[in-house]
Structures are given as C-alpha cells and as structure tokens.
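Data first, discussion second: the structure below is written as structure tokens.
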Amino acid sequence: MTARDLAEGKSEEEGRLNADEREQIELELLIEGIHRLYGYDFRNYALPSLKRRIHHCVQSEGVKSISGLQEKVLHDRACLERLVQSLSIPVTEMFRDPQLFRTFRQKIIPMLRTYPYIRIWHAGCSTGEEVYSMAIMLHEEGLYDKARIYATDMNARSLQQAKEGVYGIDKMKLYTKNYLISGGAQSFSEYYTAKYNSVMFHPFLRKNMIFAEHNLATDRSFNEFNVIFCRNVMIYFNDELRNQVHGLFHESLSRFGVLVLGAKESIHFTDYSDFYEPLDRVEKIYRKIK
C-alpha cells in the first residue's frame, strides 16, 4: 500500500467522522429547539430509535437533512405535530399481552376489592385501547363504579382518539381473541357498536375516565394512585430518563400500590428497585413496599 493510498483512506475516514459529527450536532439542535420552543423533551430518549424515526420524518417531510427538518419544525406547528406523532410511537391494542390481564384479574383485582376507592393511572396511554380494556375488566368485576382511570399521553392526536373510543372494525377479531384469553366473561361485541368500518365503545365505559396531556419527561406527579400502568414506553428512554420516570411513579403510588411494566421493562437497575417486591416476575407486576 502506497503513501497515497494511506492518505486517501485517512481522508475517507475523516469524512465519515465529520459526517457523523455533523449529524449528531444537527440532531442535538433539532431536539433542543423543539424543547425550548414547544416544551416537548426528547433529549433523553434512546438514540438509535430516535435517529431512525427522525430520518423517517426527514424523508416523509421532503427535506434533505435534519437541519432542513429543524427549519420546518420551528416554523410550522403542523410539521411539529407530525414529528411528535412519530416520536411518541402510538402502538397498542385491546388486552395486549392477554396473559398479563388474566394475571391482573386473578392477583390484583382481589386486592382492589378491599379499597373504598380506586385510582388507576395509564401513563403513555397512546390511543387508549389499554384504558378501555381496564374499564371493561373493572366493570365485569363490579369495581368500575368506585374507580377513576386517569389516561395520559404527550401526543394530543392519540389522546383525542382515546377520548372518542373509535377504532377500526378490522381489529376486533384480534381484540376479541385477546379479551377471551384475558378471562373476559361476556361477548366482547356487547361493549361496542359497529358502524361502517369502525366501532365505537359504549359511553358508559368512559364515565370514569379522565384524559389529560402529560409528558413523562417534564411533568410532575398530579395525584396518588393505587395502580400505575406504563407498558412499552420506557424502552425508548435512556437510563437517566428511565430512572427519573421511576422516581415519578414511586412518588405517585400509594403504599402497597401496584406498578405494571411492559414485557421488556424492569424495575431492576434503577434507584428504586429496593422499593418494590415482585407480585409476578413474568408479567412485570410490582408492589411498592417503601
């Protein structure tokens, strides 16, 4: 290999490093700009997922770079809302992971029967399918009248759909299957009305639901809860933000309150692991003990 070859190889490597560094600067400026202007804080989201979704937005918005996306976002609120919709990852379904709901019905519902009043928080509720699943289960167990379900998300568009309780009829076959596996006691179709290509869940399920915008990265505790569901949300956070959110949940749970996490999440390796005992290690259900 000649000196010229070495020099050219070094130049190409430096070019790649400069490009990576430039992209990192662009990314940081975009995230900082969104935080300062709009209040959405993505600064402690896991970097690989964040980069992937931002590059997708660069393509979908028809701009040439992250800097181009930044310019558009800072001057176009509609573009910002599309970006937030993508970054907040609204993925959910009714009775998702039905064995979890079966376990909750068997192990947690008997505990909730002893309470005079029940407060449940679905943090990062997305489009609300999990919230309606909880309402149906509490209704079947005779507990809904003494319960309040607080459903929060940072994504206003997803939250609006959750408030409306309208979903595609094509999803009902899967949702019915999940419902039955979870221990559902009735015909699932009794809970909604079908019209054209959509279904609307009956209004009585919403009577004890409270929907509100809440950002886990920036907002504080707003009540005391007996149960907190936060499933498949913190997998997109880095360790610092994940630990911060666990602090928020610990502050928000009553003594012996129950925390339910996603299948790939855990209380371990946080500052709060010693403050809980596992009620079901497989389904990631924990009880606050101190």
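The values are calculated or read from the model by the stated rules, or taken from the named source; none is laboratory data. Since the model is a prediction, treat every value here as computed from it, not as a measurement. In this analysis, Cβ positions are derived from the backbone assuming ideal geometry, glycine residues included, and neighbour counts consider all displayed protein chains. Side chains are part of the model used for accessible areas, which takes the heavy atoms of the whole protein and leaves out ligands, DNA and RNA. Shrake-Rupley method; radii C 1.70, N 1.55, O 1.52, S 1.80 Å.
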Scanning for something surrounded by fewer than 20 Cβ atoms within 10 Å (Cβ to Cβ) and outside any helix (DSSP H, G or I), does the stretch 155-170 turn up at least one residue? yes
Taking the stretch 1-47 as the region of interest, how many residues are of a type in the set (Ser, Thr, Tyr), farther than 23 Å from ALA156 by Cα and either assigned to a loop (DSSP other than H, G, I, E, B) or at pLDDT 60 or above (or both)? 1
Considering only the stretch 247-290, how many residues are more than 24 Å from ARG96 (Cα to Cα), in contact with an Asp or Glu (Cβ under 6 Å, 6 or more places away or on another chain) and either among the polar types (S, T, N, Q) or in a strand (DSSP E or B) (or both)? 1
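Among the residues of the stretch 206-222, how many are in a loop (DSSP other than H, G, I, E, B) and either within 14 Å of ASP41 (Cα to Cα) or open to solvent by 60 Å² or more (accessible area, probe 1.4 Å) (or both)?
Looking only at the stretch 206-222, we keep the residues that are in a loop (DSSP other than H, G, I, E, B), and these are 207-208, 214-222.
With the extra rule that they be either within 14 Å of ASP41 (Cα to Cα) or open to solvent by 60 Å² or more (accessible area, probe 1.4 Å) (or both), the set shrinks to 207, 214-220, 222.
Of the residues in that region, 9 qualify.
Could you please give the count of residues in the stretch 79-121 that are aliphatic (A, V, I, L, M), part of a loop (DSSP other than H, G, I, E, B) and modelled with pLDDT of 95 or more?
Kept after step one, since they are aliphatic (A, V, I, L, M), are these residues of the stretch 79-121: 80, 83-84, 87, 89, 91, 94, 100, 108-109, 111-112, 118, 120.
Retained after the next criterion (residues that are part of a loop (DSSP other than H, G, I, E, B)): 89, 91, 94.
Next, from what is left, pick out any that are modelled with pLDDT of 95 or more: 94.
Qualifying residue count, the stretch 79-121: 1.
Looking at the structure I just gave you, is GLY183 open to solvent by 40 Å² or more (accessible area, probe 1.4 Å) and assigned to a loop (DSSP other than H, G, I, E, B)? So that I can check it myself, show each step before the final result.
On the way: open to solvent by 40 Å² or more (accessible area, probe 1.4 Å): no; assigned to a loop (DSSP other than H, G, I, E, B): yes.
Taking the combined requirement at face value, the residue does not satisfy it.
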Please name all residue pairs, on different chains or six or more residues apart, with Cβ atoms under 9 Å, provided the first residue is in the stretch 97-116 and is free of Cβ contacts under 8 Å to residues at least 40 places away in the same chain and the second residue is buried (at least 19 other Cβ atoms within 10 Å of the Cβ) and assigned to a helix (DSSP H, G or I). ILE109/MET137; ILE109/LEU138
